[in-house]
Amino acid sequence: MCGAVVEEMSSAAAPPVYPVAADVGAGMGFFDGLLGSRSADFDSGSAASNAIELTKRHHQVSLTKQGAATGNLRVNLTWRMRTSDIGGPHRESLLRHPFKALRPPEVLGHSQSMVNVDLDLGCLYELADGTKGVVQPLGGLLGDVNAPPYVKLSGDDRFGSASGETMYVNLDHRDDIKRLLVFVYIYDQTPAFDRTHAMVTLFPSNGPRIEVGLDERHPQARSCAVVMIENVKGELIVRREVRFVYGFQGELDRLYGWGLQWGRGYKTKVEK
């Protein structure tokens with residue numbers, strides 16, 4: 001039941017790695033341990049934003065109760081550089097520039113020349129038949145949205161474009177899914193998560209989007225379990241995790257009990 005999977009490692013420390021996933025050809029591992037939720041179990045944004053923010057206090061929401069447990073669930077990772085990393089906002093005299101106080105802080109684009117950031121979106125999955133595995137850029141394990149594991153990664157954004165990285169989950173096959181763990185990890189020599197403002201947003205086929213911010217300060221963390229999506233007695237529940245670890249995918253696997261085997265791997269170089 002086990003095959004090889006690759007996990008990411010810093011090139012400065014050791015050759016990067018990717019997991020040796022159980023039944024890589026058959027499916028990939030899903031998130032575990034999501035509980036049922038009530039309408040009061042989340043923070044909702046304004047009507048204009050049409051968003052639900054998952055927080056430590058209000059950490060889960062039921063897609064089934066929201067009428068959003070069908071169609072393709074889009075999961076998007078975006079990030080941008082913190083302004084403090086480029087010297088922070090400049091203070092200028094309000095007498096000389098009175099209207100600058102009304103402007104929002106400028107956020108510079110997140111290009112490779114400004115900050116060496118490569119965040120990757122991935123998903124450990126476990127199917128109802130026991131098949132486990134991973135969907136991630138490393139190793140080219142991009143999945144399939146119309147066949148097991150019913151999770152598909154659209155590609156690998158290495159430089160933090162405006163669109164970020166996107167994954168699709170086919171919820172029309174929700175009965176085939178036991179649990180999915182959406183995670184984010186840092187590839188190569190990026191210093192830390194606290195260098196960026198990262199956000200994972202879930203866009204169901206119906207109802208408000210679900211936002212999970214990764215703004216906690218963990219300077220040495222390399223990976224973060226973001227949300228668990230679990231089928232609990234036919235109800236699809238999304239639960240905020242936001243658990244940072246100092247290792248790579250293999251450490252997340254051990255934390256959540258996936259039981260895959262992991263080996264080292266790396267990405268091919270690209271032209272800058």
Against the definition (at pLDDT below 90, over 16 Å from the mean Cα position of the chain (by Cα) and of a type in the set (Lys, Arg)), how does Arg217 come out, yes or no? yes
Residue list for region 195-209, restricted to those being part of a strand (DSSP E or B) and under 11 Å from Asn50 (Cβ atoms): Phe203, Arg209
Exactly one of these conditions fails for Lys272: (1) modelled with pLDDT under 85; (2) crowded, with 23+ Cβ neighbours inside 10 Å. Give me its number. (2)
In region 130-160, anything open to solvent by 20 Å² or more (accessible area, probe 1.4 Å) and modelled with pLDDT of 90 or more is listed as Gly130, Lys132, Leu141, Leu142, Gly143, Asp144, Val145, Asn146, Ala147, Pro148, Tyr150, Lys152
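The values are calculated or read from the model by the stated rules, or taken from the named source; none is laboratory data. As the structure is a computational prediction, the values presented were derived from the model and not from experiment. No Cβ is skipped: glycine too gets one built from the backbone with ideal geometry, and neighbour counts run over all protein chains shown. Heads up: the accessible areas ignore ligands, DNA and RNA and are worked out on the full protein's heavy atoms, side chains in. Shrake-Rupley method; radii C 1.70, N 1.55, O 1.52, S 1.80 Å.
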